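What follows draws every value from the coordinates through simple rules; no lab data is involved. No experiment lies behind these values; they were computed from the predicted model shown. Here Cβ is always computed from backbone atoms with ideal geometry, including for glycine, and neighbour counts include all displayed protein chains.
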Amino acid sequence: MTTAQVWLAIAGMALITGFTRALFLIGGERMILPERVQRALRYAPAAALVSVVVPDLLSTPNGLSIAFSNHALYASLCGLAWFLWRRSMLGTIVVGMVVFTALRLFA
């Protein structure tokens, strides 16, 4: 890509981002989203987090892998299990790091 194309792409993305965010500001209090849409938007942060984290957990230098050598994946699954069981964020971090370190050292 040329320099002009790069700047044009950046400007285009800035305009589109600004426009989509301004729609909610322009509507203000007059714009009321249906209850169904409001319920669906509650899941947006979790969906965004999953879409960022899962590909990182599954990718290795050799491609996608669910092999036992993918320590981050199994440490994350153990951390998730701990969180679902105890609902403790600190415990989730500790369990995930302990499992990850143990797998790296002993597996």
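Things to note:
- Packing order of peptides 94-105, 43-54, highest average first: 94-105, 43-54 (average count of other Cβ atoms within 10 Å over each peptide's residues).
- For the chain, the residue among Ala4, Leu90, Val50 whose Cα projects farthest onto the positive side of the dipole built from Cβ charges is Leu90.
- Order of Met89, Met1 - criterion: other Cβ atoms within 10 Å of each residue's Cβ, fewest first: Met1, Met89
- A Förster radius of 35 Å, combined with the Cβ-Cβ distance separating Arg86 from Phe24, puts the computed FRET efficiency at roughly 0.40.
- The chain: calculated mean residue ellipticity at 222 nm from DSSP helix runs of at least 4, using -39500 (n - 2.57): -25000 deg cm²/dmol
- Size of the chain from its Cα atoms: along the principal axes, largest to smallest, the extents are 56, 45, 20 Å.
- Furthest towards positive pole of dipole, Gly18, Pro34, Leu64, structure part the chain, Cβ charges: Pro34
- Kyte-Doolittle mean at least 1.0 and Cα axial length at least 15 Å: DSSP H helices in the chain: 3-27, 44-58, 89-106
- Amide H contacts for Thr60 (H built 1.01 Å from N in the peptide plane; partners 5 or more residues away or on another chain; cut-off under 5 Å): Ser65.
- Taking 0.36 nm per residue of separation and subtracting the Cα-Cα distance, full extension of the segment from Ile10 to Ile93 would add 26.2 nm.
- Per residue, the average separation of C-alpha pairs within less than 8 Å and at least 6 apart gives the chain a relative contact order of 15 percent.
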